[in-house]
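The values are calculated or read from the model by the stated rules, or taken from the named source; none is laboratory data. Small disclaimer: the values here were computed from a predicted structure and weren't measured. Cβ atoms come from the backbone with ideal geometry, glycine included; neighbour counts cover every protein chain shown. Side chains included, ligands, DNA and RNA excluded: accessible areas come from the protein's heavy atoms. Shrake-Rupley method; radii C 1.70, N 1.55, O 1.52, S 1.80 Å.
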Amino acid sequence: GCEKWKTQCEHCPQKRKYPSSFGLDRSYKNYILKKKIFTSIPYMVLVPVSNWLDGIIEDSFINKYPRKIIHNGIDTNTFKPTQNEELRRDLGLQGKHILLGVANVWDFRKGLEDFIELANLLNDDEVIVLVGLKRGQIEKVSGKRILGLGKTENTKQLAELYTLANAFINPTWEDNFPTTNIEALACGTPVITYRTGGSPEALTSETGFVVERGDIAGLRGAIDTIRSRGKFLYSSACRERAVKMFNKDSQYEQYIQLYEKLLASK
């Protein structure tokens, strides 16, 4: 929420966040140093991973450089519809309507508190499954119609969880272009996300829903819409969009073409 980066950082309001400092505030000098270094490079093309981030760059001191948007890519041969009914039984999810959330680090920015609030609106046959929680967080959410899990053993198991889910929910408050959205799409699962950063850019009206940040009722409404229509109404479009737009091979090829173009013009 801080926009001092547009003009001059000083008196940093997030000094105790990553990277944390409990003493000196070097934000003023850091800003000047970064501006000097980043704007001294004579030959550079910036690659924002979302349209949103491209707009952010336009407001920054590095806006003089040419840019090419290349969205993140994933391995669509790994992230694909992967059925595992044994996993459903092992997790005690038989007969449950599954709402999945995945994050590498769970905190306010990733919407953990929003999931806890959403759990209060669930029906008896609905459950939220959160992947990537720490032990203390698992204890915090237990008994709230939330099944808390640690990190998966491998990407195949993660693909199985995406496939089991009836909807993937990403109530993120800060993000560039989350790969979890496109991993879910690649597994044929529709996505519900907040209108945050580049997160909505992965979706179309055929593959999910975008709601305003903090709108828990909006999340509930999107869940109801997907449930009434049925997940499989969305699955083919989700998979097709992921393969067409976010396959890692085609995304990497754009980088290679950019490098070759720069080398040739150099």
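Strictly greater than 22 Å: what percent of every Cα pair in the chain meets that?
Details: 21627 of 35245 pairs.
The share of Cα pairs beyond 22 Å in the chain comes to 61 percent.
Among rounded, prolate and oblate, which fits region 95-203 when a ≥ b ≥ c are the square roots of the eigenvalues of its C-alpha gyration tensor, a/c under 1.5 means rounded, and a/b larger than b/c means prolate? Kindly include the intermediate steps, with their values, before the conclusion.
Details: a/c = 1.33, a/b = 1.20, b/c = 1.11.
It comes out rounded by the Cα gyration axes.
Do any GluC sites (Glu not before Pro) in region 204-245 lie in a loop, going by DSSP, with at most 11 other beta-carbon atoms within 10 Å of their beta carbon, and if so which?
Numbers: sites: 206, 212, 240; in loops: 206, 212.
Sites meeting the loop and neighbour criteria: 212.
Probe of 1.4 angstrom, ligands and nucleic acids ignored: what's the accessible area per residue over the chain, in square angstrom? Don't skip to the end; give the middle numbers.
Values: 14590 Å² over 266 residues.
Result: 55 Å² of accessible area for each residue.
Which FRET efficiency value, to the nearest 0.05, is calculated for residue 77 and residue 153 with the Förster distance at 25 angstrom and r the Cβ-Cβ distance?
Working: r = 19 Å, r/R0 = 0.75.
Taking R0 as 25 Å, the efficiency between residue 77 and residue 153 is 0.85.
Using 15 Å as the cut-off for backbone N distance, which residues of region 169-209 belong to the label zone defined by a point 7 Å from the Cα of residue 258 along Cα→Cβ?
Within reach of a label on residue 258, which here means backbone N under 15 Å from a point 7 Å along Cα→Cβ, region 169-209 contributes 177.
Nearest 500 deg cm²/dmol is fine: what mean residue ellipticity at 222 nm does the chain get from its DSSP H runs of n ≥ 4 alone, each adding -39,500 (n - 2.57), divided by its residue count?
Computed mean residue ellipticity for the chain: -12000 deg cm²/dmol.
Exceeding 31 Å between C-alpha atoms, which entries from my cross-link table qualify? They are 15/110; 36/261; 151/248; 6/134. The partial results should precede the final answer.
Details: 15/110 20 Å; 36/261 27 Å; 151/248 23 Å; 6/134 35 Å.
Distance filter (> 31 Å) returns 6/134.
Going by a ≥ b ≥ c, the root eigenvalues of the Cα gyration tensor, does region 150-218 fall in the rounded group (a/c under 1.5), the prolate group (a/b larger than b/c) or the oblate group? Present the calculation step by step, with values, prior to reporting the outcome.
Values: a/c = 1.82, a/b = 1.60, b/c = 1.14.
The shape class here is prolate.
Which distance in nm do the two modelled labels at residue 35 and residue 125 give, with both placed 7 Å along the Cα-to-Cβ direction?
Computed distance between label sites residue 35 and residue 125 equals 6.0 nm.
Please work out the C-alpha center-to-center distance from region 67-144 to region 1-43 and express it in whole Å.
If we compute the Cα centre of each part, the gap is 34 Å.
What part of the accessible area of region 170-233, given as a whole %, is carbon or sulfur when the probe is 1.4 angstrom?
Working: 1100 of 2280 Å².
Carbon and sulfur atoms account for 48 percent of the accessible area of region 170-233.
Leaving out ligands, DNA and RNA, what percent of the accessible area of region 17-117 is carbon and sulfur, probe 1.4 Å?
Details: 3430 of 6230 Å².
So the carbon and sulfur contribution to the accessible surface is 55 percent.
Which one of 210, 55, 132 has its Cα pushed farthest toward the positive end of the charge dipole of the chain, where Lys and Arg give +1 and Asp and Glu give -1 at the Cβ?
Value computed over the given set: 55.
How much FRET efficiency would the formula 1/(1 + (r/R0)^6) give for residue 57 and residue 90, where r is the Cβ-Cβ distance and R0 is 30 Å, rounded to 0.05?
Computed FRET efficiency for residue 57 and residue 90 comes out at 0.10.
What range in the chain is the longest one free of chymotrypsin sites (Phe, Trp or Tyr not before Pro) that are in a loop by DSSP and have at most 11 other Cβ atoms within 10 angstrom?
Numbers: sites that count: 22, 43.
Longest site-free region, per DSSP loop and neighbour criteria: 44-266.
Rounded to whole Hz and in sequence order, give me ³J(HN,Hα) for region 144-153 from the Karplus expression 6.51 cos²θ - 1.76 cosθ + 1.60, θ = phi - 60°, writing x for Gly and Pro.
3J(HN,Hα) across region 144-153, in whole Hz: 10, 6, 10, 9, x, 10, x, 6, 6, 6.
At residue 144 and residue 104, where each label point lies 7 Å from the Cα along Cα→Cβ, what is the point-to-point distance in nanometres?
Using points 7 Å along Cα→Cβ, the separation is 2.4 nm.
Towards the positive end of the charge dipole of region 4-141, with charges on Cβ (+1 Lys, Arg; -1 Asp, Glu), say which of 77, 87, 105 has the farthest Cα.
Ranked along the dipole, the leading option is 105.
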